[in-house]
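Read the structure below first, then the notes.
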Amino acid sequence: MEIKELRGLRGVVAAVALLIIFVGVISSFIQLEGNVARGISEEYNKLAYRMAPNNLASWLYDYRGFDTLIETGVIYVGAVVSVMVIGRGLVGLKGMREEEEVAAAPPIALKTETMPVLLKYFALPVVILLLAYGLLVVTSASTSGGGGFQCGVIISSAYLLSVVAYGRRSPLNMRKKALVAFGALGWGLYTLIGLPGYLTTNFWQYNVGADLWSGLPSFPAAVPEAFRQIFGEPFKLALHLEEGVYYATSGILPIINVAEAFNVIGAICLIFFAFVYGWSDSAEGVEK
Amino acid sequence: MSETVVNLWSIPLLVVIPILTAIVLNLLYNRVRAIRVASVVSAAALLVVSIVSPYGLQWFTGQPGVASDGSYTYSTSIFSWKLSLEYYFGPLQQILIFTSSLLLLFVVVISTRSLKKDFGPYVAIMFLTYFSTVAVIMVNDFYHLWIVVEIGSLLVAGLVAASGAGSAQKAALKYTFFSALSGSGLAIALALILGITGYANISDAISFLMMTDLGNMYNVLYISFAFLMLSWIYAGGLAPIHPLKSDVYRSAFPHATVLLQAQSKVMLVAIGLVLLRMFGGLPFAREAMLSISLLTMILGVVMALIQTDFRWILAYLIVSHSGLVTVGISLGTPLGIVGGLFQAVNDIVYMSVLLLCCEMLLYFNNGTSIRSSGGIAKKVPWLAAFAILGAFAASGIPPFNGFQSELILIQAALGGGLPEVAAVILMVSVSTFIALFRGIYSIFLKPSTNPLPEGSESASSPPRGMPIILGILVAITLILGVYPQLALDFLTESAVKVVYVPWVP
Amino acid sequence: MIVIFPEVLGEVTPTLVAFVLGVILGTQMEGKISSRTTALVLFMGLLASILFEAPIHFWSVLGGVLTEQISFAFPFISATIGILLGKSIKKGGGSE
C-alpha cells in the first residue's frame, strides 16, 4: 500500500479508526492495571517445581506443550510460505500454459575481498563458538531460561554471520535441502514425542518421564515402569530446596527442546537463504 | 449415559496425522508415486477416523482439572478448572470434520494426478490447511484458537502463492499483510480476556464470568469482543475484508479453493460460536454480528452479479454465502444457529461441486472467462449437467440441500421478528441463481463462437475419476435436500448447548 | 537399571547430547580449518565454559562442578569438540 492512497478521505477514516483502537486498548490496559485475575496461573506456579526446575520450561513445553507444537508449526510454515511468496510458486497444472513467471531478484552480490582482515580471520572461530553456545543453551533448557527457540536463533545468527563474512565460500554452508530437512525433522520429532504418552494413556504428549499424575485415582490409564525409566531417568536432577533434597526429572522436555531447536534453525536459516541466494529449483544457490 | 472420556483416542489422530503426513510429503518433495500413495492413504485414514470416532474430550499433555476444593481430578462430572489444553469432539465437530475429510480425499486424488513440478510441499500445505480446519472447530481454548487461526491464515497465503501466477502472488502478499493485523488483534482480545478472567480455557472463562461480578470492567470485555470479531471477520472474509478473501479464492487453483472455502466456513462457525458463548449476553453484540453478516451477503452477491469470469463469480458467491452462515449464527436462537450450521455444511458441499466443475473448465475450455467460451455442453455433457445441478443447489431450489437450510434460516429470521433479514436471504438466493446461470449459460449452453483447435485437447488430459467425485458430491446435496434430518440430528444438540449452557464445549 | 542410571544422570546427559548435536552441525560445515584456528577455538571454548559456569542445580564433578567458585559448562566444551570432529569426518579434506 502506498502512502499516496492514504491521502484524502481514506486517510482520515484510517486515522480515526486507529485512534479509536488506540484509545480502546490503552483504556482497557489502564483498567486492568492491578485488577488482573490470577486464574489458572496460580495453579501452574504451585506445580512447576515438581517437573523442570525452570518454571517457564514446564509451562511452555508441558502444560501448554501442544500449543507450542503448533507454534513451532507456525514458524516452519511461516518460513516456507514467506519464501514462496518472495520467490516463485511451486506447482502448475499439467498441460496448462503458464503465466509469465515473476522475475526473480538477482542474489545479493557479497564482496568478501573488502572485508577487514580481522573479521575474515576471526569470523570462523566465532561461528564455531556461537554454534557451541547455541547447543549449551538448548541442553540446559529445563534448568535455565534457555531452550529450543533461543538455540535456533543463536545458530541462525551464526549462519548469517558466516554468510555475511565469507560470501559464497561460507564455511557453515547448509543447503536448501538440508534446511528443509532440518525444519521438517525437528517438527516431526516434536510431534512424535507425543507418541509414548498417547500409546500408554491416550493423552497425547503426556509426560511419561516425569509422570506426575498417574497416581491419581481418577487417572484413566497406567504408565508402564519401563517408559518412566527410559524417558525420566536420563534427565533426573537433585534440587536442593529449603525442605531438603528433591529429585525431579523433566522427562520429555529436553528432547522437545532439541526438536524445537532444529525446527527453528531450519525455518530461520531458510529465510536467510532465500534472501541471500534467491530461491530456484535448478541451481542449489551456491557454488557456481 | 456413560461419562465423557477426557482421553478420547481419535482427537490426536485427527490433528497429528495431517501434520506428520505434511512433514513426510515435504521430505518426499518430488517423488510422484510415493506422494500419491502416502497422501491418499492418509486422507482415507482421516475420513475413517472421523466416521468411527466416539464423542468426548482430549486433554492434551494429560494434566488434570483443579476442583474447587483444590484437589485434582480427571472426572468431567465434577466442576474443575482445566490445567491442560482441551479439544472437544461432538456431533457438530463430527459432521464438519467428516465433510472436510471427504473433500480433502477428493482434492488429494485430483491434485496428485493433475499437477506438475515438485508438488510435495504443495500437497503438504493442503494437509496442514485441513489440520487448521479440524483444529479450529474442536478447540476449546482461546490461546490455541489464536494459534490455529494464525497458522490457518498463513496456510491460505501458502496455498495461493504456490500456484506462482503474478496475481496469486499479489493476493497472497496482501492477505499475509492483513493477517498480521488481525492476528495481533486476536492476540489483544486474548490478552484482555486472560486479564479479566485468568483462564485461557473458553469454558472456564465463561464459568468465571458467570460467577464473578465484573463491575466497571465491562468495557474491557467490549474491547476484547471487538478484537475477536475483527479476527472473525478476517478469518471468514466478511464484509470490509471481502475483496481480499475473494481475491484469494479466485487466484488459487479451484481444487485448492475447495479446501480454502471449507476452512473459512468452519472458522466462521467456530469463532462465531465462541463469540456467542462468551459475549452473547452483551447488549448489541449480536446486532453487530448480524449487521456485518447482512452487509457481507449483499455486497458479495452484488459483486458476483457484475463479474465476467466464472472463477470470480464463484469467489464472490462464496463470500456472500459465508454471510448466510453467519446470519444464522448471529440470530442467536437455537433455530437460527441450526440453520447457520446446516448452511455451512451445505455450502461447503455445493460450492465444491461448482469449484470442481470450474477446474474442469480449465481443461475443456480456454479458461473460465464468460466472453471467450461457449458450447461446452455439446463437448462435455456430463460436466454441464453437474454444473447446472450444483447451481440449483447453490441457489436453493427445492430437491437440493441449499433449499432446506435457507428455509430454516428464513423461518428463524421470521421467528426472531426480523422479516427484513428473511427478505435479504431470499434476495441473495435469487441473485445467486441469476449470477450463476449468467455464467453457466454463456460457458456451457450458448453455441460456441470460436471453436478451439482440436489439437489442444490432447495436451491436457483431465484427471480421471472426476465424474465419480462430482457424482458423489451431487448425490450428497440431493440426499441432504430430501432427508435434511440426517444432518440436523448432528447439529441440533450443539445449537441448543450454545444457547442454554454456553460453558459446555 | 541402577547400573545404567546413576542417581543424577541429568548432569551427564546434556554433555552427551551437546556432543552428538555438535557432530551433526559440524557435518554441515565445509572448507579447511588450520590447526592454529583449532587450537584457538578449543582454548576459547575452555575459557568460555569457565565463564558460563555449570548449569544451576548441578552438583557433581560429572556435571562440571569442581568447587563452589570454579565450575565448567561441560556441554559447551563437548559441543565445541563435537563440531570440530563432525567437520573433520564429513568434509575435512575439502579444498579451500
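Computed values, structure above
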| item | result |
| --- | --- |
| Order of B:LYS82, B:LYS497 - criterion: other Cβ atoms within 10 Å of each residue's Cβ, fewest first | B:LYS497, B:LYS82 |
| Cβ-based exposure ranking for A:LYS236, A:LYS46, in which fewest neighbours within 10 Å come first | A:LYS46, A:LYS236 |
| Trypsin sites (Lys or Arg not before Pro) restricted to DSSP loop in the range B:342-434 with at most 16 other C-beta within 10 Å | B:ARG371 |
| Positive dipole terminus of chain C, leading residue within C:PHE72, C:LEU62, C:LEU16 (C-beta point charges) | C:LEU16 |
| Ranked B:LEU14, B:LEU418, criterion: other C-beta atoms within 10 Å, fewest first | B:LEU418, B:LEU14 |
| Potential lengthening between B:ALA180 and B:SER77 on full extension [0.36 nm per residue; Cα-Cα distance subtracted] | 33.1 nm |
| Size of electric dipole in the protein assembly as shown: Cβ of Lys, Arg +1 and of Asp, Glu -1, about Cα centre, debye, nearest 20 | 2840 debye |
| Charge dipole of the protein assembly as shown about the Cα centre (unit charges at C-beta), most positive-ward option of B:LEU294, B:ALA165, B:PHE142 | B:ALA165 |
| Area projected by the alpha carbon convex hull of the range C:11-88, averaged over all directions, nm² | 5.0 nm² |
| Calculated FRET value between B:VAL496 and B:SER291, using beta carbons and R₀ = 25 Å, to 0.05 | 0.50 |
| Helix B:166-197 vs. chain B, principal-axis angle (Cα, 0 to 90°, nearest 10) | 10 degrees |
| Under 13 Å, Cβ to Cβ, from A:ILE256 - net charge with Lys/Arg +1 and Asp/Glu -1 | -3 |
| Nearest-ten-degree value, helix B:242-251 long axis tilted from longest Cα axis of chain B | 50 degrees |
| Partner chain coverage, peptide A:28-37 - average Cβ within 10 angstrom | 6 |
| Förster-model FRET efficiency, 41 Å R0, B:GLN485 and B:ALA187, C-beta, rounded to 0.05 | 0.50 |
| Around B:ASP247: net Lys/Arg minus Asp/Glu count, Cβ-Cβ under 14 Å | +4 |
| Simple spin-label estimate for C:LEU66 and A:ASN45 in nanometres, 7 Å along Cα-Cβ | 4.0 nm |
| Loop GluC sites (Glu not before Pro), the range A:207-262 (other Cβ atoms within 10 Å of the site Cβ: 16 or fewer; DSSP) | A:GLU242, A:GLU243 |
| Distance between the range A:36-76 and the range B:389-420 - C-alpha centres, whole angstrom | 46 Å |
| Long pairs among A:LYS46/A:LYS236; A:LYS177/B:LYS265; A:LYS176/C:LYS87, criterion Cα-Cα beyond 26 Å | A:LYS177/B:LYS265 |
| Dipole in debye (nearest 20) - the range B:139-500, about Cα centre, beta carbon charges: Lys, Arg +1; Asp, Glu -1 | 820 debye |
| Chain B, relative contact order in percent, only Cα pairs under 8 angstrom and at least six apart counted | 14 percent |
| Lys, Arg +1 and Asp, Glu -1 on Cβ, resulting dipole of the range A:169-279 about Cα centre, debye, nearest 20 | 800 debye |
| For the range B:172-237: rounded, prolate or oblate by the Cα gyration tensor [a/c cutoff 1.5] | prolate |
| Among B:ALA413, B:ALA391, B:PHE444 - extreme Cα towards positive end, dipole of the range B:381-505, charges at beta-carbon | B:PHE444 |
| Spread of Cα-to-Cα distances over 20 Å intervals beginning at zero, given as percent, for the protein assembly as shown | 14, 44, 33, 9, 0 |
| Inter-part distance where the range C:23-96 and the range B:467-495 are each reduced to a Cα centre, Å | 63 Å |
| Projected label distance in nm at B:ASN366 and A:GLN229, using a 7 Å step from Cα toward the beta-carbon | 7.6 nm |
| Rough spin-label spacing in nm, given labels placed 7 Å along Cα→Cβ, for B:THR212 and B:VAL302 | 4.4 nm |
| C:GLU53-A:LEU195 FRET efficiency (beta carbon distance; Förster radius 45 Å; 0.05 resolution) | 0.80 |
| Over 28 Å between alpha carbons, listed pairs B:LYS82/B:LYS174; B:LYS117/B:LYS174; B:LYS170/B:LYS446 | B:LYS82/B:LYS174; B:LYS170/B:LYS446 |
| Fraction of alpha-carbon pairs over 19 Å apart in the range A:138-220 - percent | 59 percent |
| P(r) of chain B over all Cα-Cα pairs, binned every 20 Å from zero, in whole percent | 24, 58, 17, 1 |
| Peptide B:18-27, shielding by other chains (average Cβ, 10 Å cutoff) | 5 |
| In the range B:239-286, the chymotrypsin sites (Phe, Trp or Tyr not before Pro) that fall in loop regions by DSSP, at most 14 other Cβ within 10 Å | B:PHE284 |
| Around B:ALA413: net Lys/Arg minus Asp/Glu count, Cβ-Cβ under 11 Å | -2 |
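Read-outs: derived from the displayed coordinates by stated rules, not from any lab. Quick caveat: nothing in here was measured; it's all calculated off a predicted structure. Neighbour counts are summed over all protein chains in view; Cβ atoms, including those assigned to glycine, are modelled from backbone coordinates with ideal geometry.
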